[in-house]
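Asks: Structure incoming, see below.
The values are calculated or read from the model by the stated rules, or taken from the named source; none is laboratory data. Computed from a predicted model, the values in this text were never measured in an experiment. Note: ideal-geometry Cβ built from the backbone for every residue, glycine included; neighbour counts use all protein chains shown. With ligands, DNA and RNA removed, areas are computed over all heavy atoms of the protein, side chains included. Shrake-Rupley method; radii C 1.70, N 1.55, O 1.52, S 1.80 Å.
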Amino acid sequence: MDTMQLMIIAGAGVVLTAIGVWAGRWSLAPREAELMQRIARLEKARQTAQERSQQARRQIEILQQEISSHHKARSEALSARKRARDLSDALDAEQTLVLPGRSNDGFSLSRLPPSGFADTQPA
């Protein structure tokens, strides 16, 4: 074999390889485009899911803050109610004062005018 034949065979091999690569790309181009679209959709779905999870985390944080403020308000209300109950019990335990001019039943109004109210303006 002389060099001319080797060069023709090598050139034909290069040309056939180029044609094979082009034919492969041409036949796989629709599949490649479909896969690229699928990747784009998946990336968009991933970003959307990430945004929603961040939003959910923010909402959970806000709800936890609201729950803690409600717990605090409830505990303050319960302690105020307990203090009021204790004060009421303490006042109920003390003896009742009898004001001068009244009987022990508290309904006799000997020194007050018939209206039941004391005069507030000088006569």
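Asks: Return yes when GLU51 is of a type in the set (Asp, Glu), at pLDDT 95 or above, surrounded by 10 or more Cβ atoms within 10 Å (Cβ to Cβ) and part of a helix (DSSP H, G or I) and no when it is not.
Replies: The answer is yes for GLU51.
Asks: Here's a follow-up. Looking at TRP22 and the list (1) modelled with pLDDT of 95 or more; (2) open to solvent by 90 Å² or more (accessible area, probe 1.4 Å), which single condition is not satisfied?
Replies: Checking TRP22 against (1) modelled with pLDDT of 95 or more; (2) open to solvent by 90 Å² or more (accessible area, probe 1.4 Å), the one that fails is (1).
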